[in-house]
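Here is the structure we will look at, set down as structure tokens.
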Amino acid sequence: MSRSKTIEQAQAELATDLSESFDDPVHSHSDKIEKLATMDYGPKSAFEEGSVVKLNGRLFAIVVSTGKFVFDGNEIIGISTQSPIYAELEGKRDGDAISFNGRELVIEAVA
């Protein structure tokens with residue numbers, strides 16, 4: 001009996017863990033979409049949440065980490081304030097260059 005109960009408990013725990021593993025990404029994705037939708041994208045003069053940065057011709061929105069998405073006809077990649085590239089951008093201005101993943105990137109604009 002105790003062995004059977006142990007197997008049943010393990011199966012229940014596994015089912016719970018599996019259910020949570022499917023549920024967590026859905027909530028995480030939903031949270032990212034909400035943050036992207038509610039962020040203030042008004043003009044910015046410094047790197048902060050809501051800034052849009054142009055690096056070597058590519059646009060990055062400082063909100064949450066995302067894959068590429070299209071907004072208003074522009075391809076954008078989302079980065080978070082916890083990302084390594086954000087750490088490189090802090091304190092920099094238009095025209096400055098940063099080194100990231102062995103590449104030099106020029107900051108063309110921050111808005």
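The values are calculated or read from the model by the stated rules, or taken from the named source; none is laboratory data. A quick note: this is a predicted structure, and the numbers were derived from the prediction, not measured. Neighbour counts are summed over all protein chains in view; Cβ atoms, including those assigned to glycine, are modelled from backbone coordinates with ideal geometry. Side chains are part of the model used for accessible areas, which takes the heavy atoms of the whole protein and leaves out ligands, DNA and RNA. Shrake-Rupley method; radii C 1.70, N 1.55, O 1.52, S 1.80 Å.
If the condition is being surrounded by 14 or more Cβ atoms within 10 Å (Cβ to Cβ) and without any contact (Cβ under 8 Å) to a residue 24 or more places away in the chain, then segment 66-89 contributes Ile77, Ile79, Ser80, Ser83, Glu88.
In the set (1) in contact with a helix residue (DSSP H, G or I) (Cβ under 6 Å, 6 or more places away or on another chain); (2) open to solvent by 60 Å² or more (accessible area, probe 1.4 Å); (3) of a type in the set (A, V, I, L, M, F, W, C), Phe100 fails one condition alone, (2). When you look at Lys32, is it under 30 Å from Ala111 (Cα atoms) and either touching a Pro at 6+ places or on another chain (Cβ under 9 Å) or modelled with pLDDT under 75 (or both), yes or no? Against the criterion (under 30 Å from Ala111 (Cα atoms) and either touching a Pro at 6+ places or on another chain (Cβ under 9 Å) or modelled with pLDDT under 75 (or both)), Lys32 qualifies.
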